[in-house]
Amino acid sequence: MIVYLLKRLAVLLASVAAAGVAVFAFMAVLPGDPAEIALGVNATPEAVAELRARFGTDRPPAAQFLDWFGGLAHGDFGTSYVTSSPIGPQIAERLGVTTVLVLGGMVVALLVAVPAGTFAAVHHRDPLGAAISAVSQVGIAIPAFLAGILLVFVFAVKAQALPSGGYVPIADDPAGWLRSLLLPWLSLGLVQGAVLTRYVRSAVLDVMREDYLRTARAKGRGRMGALWRHGLRNASIPVVTVLGLQLATLLIGAVVVERVFVIPGLGDLLLNGVAGRDLLLVQGVVMVLVAAVLLINFVVDVCYAVLDPRLRGAR
């Protein structure tokens, strides 16, 4: 197991390095000079050259990349071209908000998908099981931002039970913090829960057709008892695969949902950086999001090995 983890960790580090090269190259080919943008159209060539030297953008691209990527290893994301403030603390502050938003959305998705998908599989010949499958199919077609708007209309505008937007830090008001995140969690979680429900149903149906489950039922266990004792662990392997992909999807969906609910997370910071042409800030946020997706894939691989020891040798 230790050798397997070391191999996967080496792949993770290599992937992060390759992602750093790709992100830097992509940002480097974008049009626009940060110095000219910061100074405006009436800036003199001397002032632009001086600001380029201060930003470090007058150096060769390879030197700029090594300086930027080396700083990332120490938590130094550089200084904003627009505000001249360190980027690292801004990302760290917003990352906590986005992490809570994404994890809360995934918890909601699991709370919806696991019981609903299992019930739909066990009762796949019953009308109620078919109805759950149909509702989940409809949920897949609804984007997260539209779900957020509908939830705001129902719970904030009509019922006036929850705030329509804004964010309250947990240190200031724990109850207000929870109220401010309930609708964003639901808008992310219900949509992803609909997707996961389909996969949970399919995985449980496959397991229910296996011989070992029939043997367990022949020995006297009920349908749910046999599934709980012998089937759910095997059914969880394909679900874990989808769960990793859905976490990455939640990160992307959080960018839009943060705008809908005015939440100061990484998505809001990214869009503000794009609007202000703060390329170094955008570069840092994109790198954090890419690294988060790679880390999620690493955790999924580790979960594979825990759930199915045969995969340790296979990989």
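The values are calculated or read from the model by the stated rules, or taken from the named source; none is laboratory data. In this text the structure is predicted, and so the values were computed from the model without any measurement. For neighbour counting, all protein chains shown are included, and Cβ atoms are generated from backbone atoms with ideal geometry for every residue, glycine included. Just so you know, the surface numbers come from the protein's heavy atoms only, side chains and all, with ligands and any DNA or RNA stripped out. Shrake-Rupley method; radii C 1.70, N 1.55, O 1.52, S 1.80 Å.
Placing R0 at 30 angstrom, the Cβ-Cβ distance between Asp172 and Ile37 gives a FRET efficiency of 0.25 after rounding to 0.05. Only Cα pairs under 8 Å and 6+ residues apart enter the sum, and on that basis the relative contact order of the chain stands at 25 percent. Under the shape rule built on the C-alpha gyration tensor, where the axes satisfy a ≥ b ≥ c, segment 83-202 is prolate, since a/c reaches at least 1.5 and a/b is greater than b/c.
Can you give me the span-like helices of the chain, meaning DSSP H runs with 24 Å or more of Cα extent along the axis and Kyte-Doolittle mean at or above 0.0? Qualifying helices, which must be both long enough and hydrophobic enough, are 2-28, 87-122, 174-208, 232-260, 279-307.
Using only the Cα atoms of the chain, build the gyration tensor, take square roots of its eigenvalues as a ≥ b ≥ c, and label the shape rounded, prolate or oblate: rounded if a/c is under 1.5, else prolate if a/b is larger than b/c, else oblate. It comes out oblate by the Cα gyration axes. Carbon-plus-sulfur accessible fraction, the chain (probe radius 1.4 Å, protein heavy atoms only): 68%. Other residues with beta-carbon under 10 Å from the beta-carbon of Ala35 carry, at +1 per Lys or Arg and -1 per Asp or Glu, a net charge of -2.
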